[in-house]
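Notes follow once the structure below has been shown.
We did not get these values from a lab; they are worked out from the coordinates using the rules stated. These numbers were taken from a predicted model, which means no experiment stands behind them. Cβ sites come from the backbone with ideal geometry, for glycine too, and all protein chains shown count toward neighbours.
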Amino acid sequence: MSDTADFLSRHPPFQTLTESELHELAESATTEHFRSGDTIVGRGVDDVDAVWMVRSGTVALLHPDDAEGSAPLDVVAAGGLFGFSALLSDSRTVFVARALTDAVVHRLPGHSVRPYFARPAGTKYLAGVISASFGGRPLDTRPRAALPTAAGDPVMGRSDSGSVGALVRPQPVTVDPGTSIRDAVCTMTELGSSYVVVPLRHGRFGIFTDRDLRTRVVAAGVPVDAPVERVMSAPARTVDPDRTPAGVLMEMLELGVRHMVVVDIRGGLVGVVENSELLSDSTAQSFSLRRRIAMSTSAEALVSASTGIRPLLIDMYSTGTAASAASGILSVVVDAVVRRAVEIALVDRGAHDPIDARDVAWLSLGSVGRREAMPSSDVDSALSWADHLAGREADLRALATDVHRILDACGLPADTNNAVASSVRFSRSSSEWRVAAREWLNDPLGDRGIIMSSLLVDGRVVWGNADLHTVPESYRSMATDFPEALRLQLREALATRARVRSLRDVLARRGNTVDLKTHAVAPIVNLARWGGLSVGVASASTPARLAAAAGNGMIGTEDARVLTEVFELLQRLRFAHQVSQIEQNHIPGDVVVLTELTPLERSVLMDAIREVASVQKRVGYIAANSGVPMPGIPGGS
């Protein structure tokens, strides 16, 4: 008994127990010896009022439906615990525990051990290991990488796709808000899920996870008959399915959440992605940089932290990170710098008349807003505030000036066309933005309506109250309510023709160069933006907009696929070219000298631009023959 107490005292969550508590727990424990291959806990065992701690050897946790010799869901070594799910949910076991080697296991009865999980040390332990312990996260049927099987061979985990949409289960687990906690947990257990999604009004969702079970039910003493809406997290954080795993993981770490609800561009539930499923999709350097940025307490510290962006870009390129993933990571890092710059600027301006984050929204526009940033991307921004802040416009724009001053020092220059939050045009109250959007829709050619529309529908709130970004809501019914504005949006998109060189280039004798952004990427982005608006999708990434627009009558499914592939190819070329410039201590840009490309790269680039031009011409032709005149557009009237 003394030996067992000593062993327990050396392993979490029991290190903080008093000597008498340790001896009392050890006295209640039973110890069993198992040979390799012996079953320790079988499927559907009713005696679940216990957890098990491995004293020596290793124990494999298996899916109950898996055949003999299949990959374990997890492997528990000496000092490890398993069996949390059944204990906390008061249900049958939904796993099989089998000795992987000769093993000694302590069985700790529920009445003795349960109180210690409700203590701070216990909840901290569960929070730390739940994502890696099958016993605490029931039936996450994804095996961990390089876990040994009974035969001793490594079992590699599933490789992740380029988007989080490919990682979610096809049928998300849902319950109604009034469902009891007990029934919700039983549903999680039966379906092998670590969460349940709770659909709410107005297209929003709540989520209840195994972490909520520990912290909001067990630790808080909430009765299991209470409705799940009482202890769920709402509204749940959501992401688009086309987001890169690396970018989403950084956002999850930034927000302090372990689950993100994945919704499609129309707000429909796709599923849930967990942080443990994304850990292989980014570099340790990106996490370290994000932490340094978040911990910066002054403008000088933030500038110092931002010097890590350059080596991060080089590291991502040298390690073969996909351009879409690198772009997503860079966008999240820029978001972090912007957010911290806003917070530092607020502090520096003094606390005598503070600005509440609930009353202001800072927006990133352009490529950063679409999460498609490149090393050359500048920082376009806008500011929206609550109507009751009327009279403080000068203070808010002065704040924006301070923010951009910090960002400039961090190597993130402001937009050269003055699309910045310190200008009057890009800083308004939420009501003023709503009125302006309606004016642009009613008169797209006045007050730079088309340009402003394009900038603001790309906008994304990176700090403050997201509800204050009121522009996108006006554009979701653009196709039905403002068809003329949509037609002019298409005309603008087709006017920016994909080409190797412009007349200006020829006159300036720059015939051997091509601007990858202006001549190739921008036409795709503009066409995708129009395509999204044509089907009611406002703010979204370029690939997501193309996917939504496929089949809208002008952009066919094949056209959407081709444009998406060409966009990704061009982003790869841009990323490689700009990282090369950074390594040579040059300012990154999009102008490429064709003679410096390999013959294969030139051929691929020319083919890509021709593909975009072909789609533009086809869309213009269809528009013209559908009674939508496109003067000056190839194929138009």
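Panel order for TRP440, TRP463, by other beta carbons found within 10 Å of each beta carbon, from fewest to most: TRP463, TRP440. The orientation-averaged projected area of the convex hull spanned by the Cα atoms of segment 164-272 comes to 6.6 nm².
Using θ = phi - 60° in the Karplus curve 6.51 cos²θ - 1.76 cosθ + 1.60, the 3J(HN,Hα) couplings for segment 367-374 round to 5, 5, x, 7, 6, 10, 5, 10 Hz; x is entered for Gly and Pro.
Modelled spin-label separation between ASP447 and GLU19, with each label point placed 7 Å from Cα along the Cα-to-Cβ direction: 7.9 nm. Distance between the 7 Å Cα→Cβ label points at ARG266 and ASP6: 6.7 nm.
Averaging the Cα positions of each part gives two centres, and for segment 297-347 and segment 367-395 these lie 17 Å apart. Per-residue Karplus couplings for segment 207-213, computed as 6.51 cos²θ - 1.76 cosθ + 1.60 with θ equal to phi - 60°, are listed in order as 9, 10, 10, 5, 5, 4, 4 Hz, Gly and Pro entered as x.
Highest mean packing first, where packing is the average number of other Cβ atoms within 10 Å per residue, the peptides 442-449, 558-565, 204-211 line up as 204-211, 558-565, 442-449.
How long are the semi-axes of the ellipsoid equivalent to segment 476-637, from square roots of 5 times the Cα gyration tensor eigenvalues, in whole Å, largest first?
Values: eigenvalues 178, 60, 36 Å².
The answer is 30, 17, 13 Å, longest axis first.
Here segment 315-333 is scanned for amide nitrogen atoms under 14 Å from the site 7 Å beyond the Cα of SER288 along Cα-to-Cβ, giving 315-316. Peptides 543-556, 306-319 ranked from most to least packed give 543-556, 306-319, packing being the mean of other C-beta atoms within 10 angstrom over each peptide's residues. Using the Cβ-Cβ distance between ASP102 and SER298 with R0 set to 60 Å, the FRET efficiency works out to roughly 0.55.
Ordered by the number of other Cβ atoms lying within 10 Å of each residue's own Cβ, fewest first, SER384, SER603 fall into the sequence SER603, SER384. The alpha-carbon positions of segment 340-416 define a convex hull whose volume is 100 Å³ per residue. Applying 0.36 nm per residue to the separation of SER28 and ALA398 and subtracting their alpha-carbon distance, the gain on full extension is 126.6 nm.
A protection proxy built from the mean count of other Cβ atoms within 10 Å ranks the segments 520-526, 116-122, most packed first, as 520-526, 116-122.
Karplus-based coupling profile of segment 302-308, in residue order and whole Hz: 5, 4, 5, 5, 5, 5, x, with θ = phi - 60° in 6.51 cos²θ - 1.76 cosθ + 1.60 and x standing for Gly or Pro.
Counting only C-alpha contacts under 8 Å and six or more residues apart, can you give the relative contact order of segment 476-637 as a whole percent? Walk me through the intermediate numbers first.
On the way: 197 pairs, mean separation 40.4, N = 162.
That works out to 25 percent.
Each Cα pair under 8 Å and six or more residues apart adds its sequence gap; the mean of these over the residue count of segment 164-272 is a relative contact order of 32 percent.
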